[in-house]
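Engineer: Right, I'll just put the structure down here and ask away after.
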Amino acid sequence: MQNSTQPISHQKLLEKANALAREHDDYFAGLEADNVIQQGDVLVFRGPFFLDEEGLPTAKTTAVFNVFKYLALTLSSRYHLA
C-alpha cells in the first residue's frame with residue numbers, strides 16, 4: 001500500500017491526526033495522539049488511555065479507541081511515515 005500513499009513526517013502526521021480528531025463526534029478535551037508508529041500498511045496512534053483509579057477502562061477510554069481507530073483507517077490509506 002505504501003506505493004499509493006504519500007510520505008509524511010511523524011510531526012506533520014500527528015498535527016493532521018489531532019486536527020482530524022477534534023472533528024470526530026467522540027472527541028473531548030484532552031484527547032490527543034502523542035505518538036504514531038507504522039505497522040505494515042497501518043498507522044497506529046497512541047495517547048493517554050484515561051483509565052480509572054483502579055486502572056480499568058472508562059467511557060473516555062472507549063472514545064479514545066474509537067477516535068484512534070478512525071484516524072488509523074482514514075490516514076493509513078493516505079500516508080506512510082517518511
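The values are calculated or read from the model by the stated rules, or taken from the named source; none is laboratory data. Since we're looking at a predicted model, the values are computed, not measured. Neighbour counts are summed over all protein chains in view; Cβ atoms, including those assigned to glycine, are modelled from backbone coordinates with ideal geometry. When the accessible area is computed, the model is the full protein with side chains, heavy atoms only, and any ligands, DNA or RNA have been set aside. Shrake-Rupley method; radii C 1.70, N 1.55, O 1.52, S 1.80 Å.
Engineer: Please count how many residues of the range 3-44 are in a helix (DSSP H, G or I) and within 13 Å of Leu75 (Cβ to Cβ).
Structural biologist: Of the residues in that region, 11 qualify.
Engineer: If you go through the range 7-40 one residue at a time, how many are of a type outside the set (Gly, Ala, Ser), in contact (Cβ under 8 Å) with a residue 12 or more places away in the chain and surrounded by 12 or more Cβ atoms within 10 Å (Cβ to Cβ)?
Structural biologist: 15
Engineer: Among the residues of the range 45-82, write down those that are open to solvent by 50 Å² or more (accessible area, probe 1.4 Å), part of a helix (DSSP H, G or I) and closer than 20 Å to Gln6 by Cβ.
Structural biologist: Tyr70, Leu73
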